[in-house]
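A short write-up of the structure that comes next.
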Amino acid sequence: MKEVWVFIEQEENKIHPVSFELLGIANTLAEDLSGRIAGVILGSEVDNLAPEVLAYGAHKVYLVEHDCLKYYRHRPYAKALSDLAKKYHPEILLLGATPLGRDLAGGVATLLETGLTADVTELSIEKETGYLLMTRPAYGGNIMATIVCPHHRPQMATVRPRIFSVPERKENPKGEIIKEKIDLSEDLAGIERLNFIPKEKTVNLEYADVVVAGGKGIGGKREFEKLKELAELLSAELGASRLAVESGWISYEHQVGQTGKTVRPKVYLAFGISGAIQHRAGMQNSDFIIAVNTDKGAPIFKIADMGILGDWKVVAEALISALKKEKD
Ligand code: FAD
């Protein structure tokens, strides 16, 4: 039976949420192939994670534990994952398009002599051939390219976080846990981690519950400071349109959209953003969208749950003062 594999990304015994999202889409793909889903966990003392992977829909878990896998290093991880794939021949192998997933996927695809589509935003199975259709923006986002890998297996893709939703968690899941031994050594690793210093605060747009975003209509870099104040009061992350980023008002890591990040917050506040299709591609799955714009014809109002026709600054200042009052 064909298997759809999901690489379960874990660090410090914590599973990255993109792995659960991938288990969800793997379920759809496996159904179309009449196949099964398997999660692959690599690490050291990580067997406690296997039931969690079954709870999110995997039929099977392949578990490789080794001291060399205690923290992520490219070579032991790439060897472990590719050796497993050589033994069990999965039809599809999905990884999150995270820094770790991107680093690992290229090496694994090379070792397996197969193709890899990076940073995918859509996945489906072609009915006639059973091939995995992997779609991603190409040429700077000007076209959407659908890529197939007809001659080599597994068909591999890294998938952007937040594209797919997390499936419902099952209580008392049933499934098989297969413990595998892979021959690994410190010599192979080639590098040793002496210390780990976490970055101070990083932008965590993809997994923010609330996003306060600004566009060209905000008017300048200084104006973003006001949105930052609002974001802090709401414990939100700051987002931006590409024009705001290109104007140099805010850094690229805040860009939402087709060539930026995909977000799915509970609330998305859009200030002075017109709602171009490339921006909507990154935020239209938000639970509740509030748009503030002076142009009643702005496309953002078509997808907004609440539209406020007016000047962004007036609305932002009113919200800031109300939130401050509430905090006092
Ligand atoms: P504008 O379209 O200029 O809109 C500004 C809005 O502000 C207007 O609706 C205006 O009515 C409103 N406004 C003006 N003054 C005020 C005020 N005082 N108060 C309230 N509202 C006001 N864009 C992205 O965002 N993300 C992407 O990832 C992205 N990728 C792209 C990829 C490609 C290949 C291409 C071709 C384009 C991409 N774009 C992307 C650009 C996109 O097409 C739009 O140009 C961009 O999203 C527009 O940004 P904006 O809404 O801030 O600016």
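The values are calculated or read from the model by the stated rules, or taken from the named source; none is laboratory data. None of the values given here were measured: they were computed from a predicted structure. Cβ placement follows ideal geometry from the backbone for every residue including glycine, while neighbour counts extend to all protein chains displayed.
Looking at (1) farther than 19 Å from ILE8 by Cα; (2) in contact (Cβ under 8 Å) with a residue 12 or more places away in the chain; (3) part of a loop (DSSP other than H, G, I, E, B), find the lone condition where SER124 falls short. If we test SER124 against (1) farther than 19 Å from ILE8 by Cα; (2) in contact (Cβ under 8 Å) with a residue 12 or more places away in the chain; (3) part of a loop (DSSP other than H, G, I, E, B), just (3) comes out false. Restricting attention to the range 202-213, the residues that are modelled with pLDDT of 95 or more and either basic (Lys, Arg) or part of a loop (DSSP other than H, G, I, E, B) (or both) add up to 2. Within the range 234-269, the set of residues being of a type in the set (A, V, I, L, M, F, W, C), free of Cβ contacts under 8 Å to residues at least 60 places away in the same chain, more than 8 Å from the ligand (Cβ to nearest atom) and over 14 Å from GLU223 (Cα atoms) comprises ALA236, VAL267, LEU269.
Checking each residue in the range 278-328 for being assigned to a loop (DSSP other than H, G, I, E, B) and in contact with a Lys or Arg (Cβ under 9 Å, 6 or more places away or on another chain) picks out GLY282, MET283, ASN285, SER286, ASP287, PRO299. Among GLU128, GLU171, GLU176, which is more than 19 Å from GLY35 (Cα to Cα) and of a type in the set (D, E, K, R)? Within the list GLU128, GLU171, GLU176, the selection yields GLU171.
Selection of the range 180-201 for residues being surrounded by 10 or more Cβ atoms within 10 Å (Cβ to Cβ) and part of a helix (DSSP H, G or I) yields GLU186, LEU188, ALA189. Where in the range 1-116 are there helices (runs of 4 or more DSSP H), lying wholly inside it, with at least 3 residues that are of a type in the set (Ser, Thr, Tyr)? Answer list for the range 1-116: 74-88. Just one of the listed residues (LYS221, LYS296, LYS302) is more than 11 Å from the ligand (Cβ to nearest atom), over 25 Å from PRO137 (Cβ atoms) and of a type outside the set (Gly, Ala, Ser), and it is LYS221. Taking first residues from the range 277-289 that are over 16 Å from MET144 (Cβ atoms) and partners that are within 9 Å of the ligand (Cβ to nearest atom) and not hydroxyl-bearing (Ser, Thr, Tyr), the Cβ contacts under 6 Å between residues at least 6 apart in sequence or on separate chains come to MET283/VAL256.
The set of residues from the range 134-165 being away from the ligand (no atom under 16 Å from the Cβ), surrounded by fewer than 19 Cβ atoms within 10 Å (Cβ to Cβ) and at pLDDT 95 or above comprises THR146, ILE147, VAL148, PRO150, HIS151, HIS152, ARG153.
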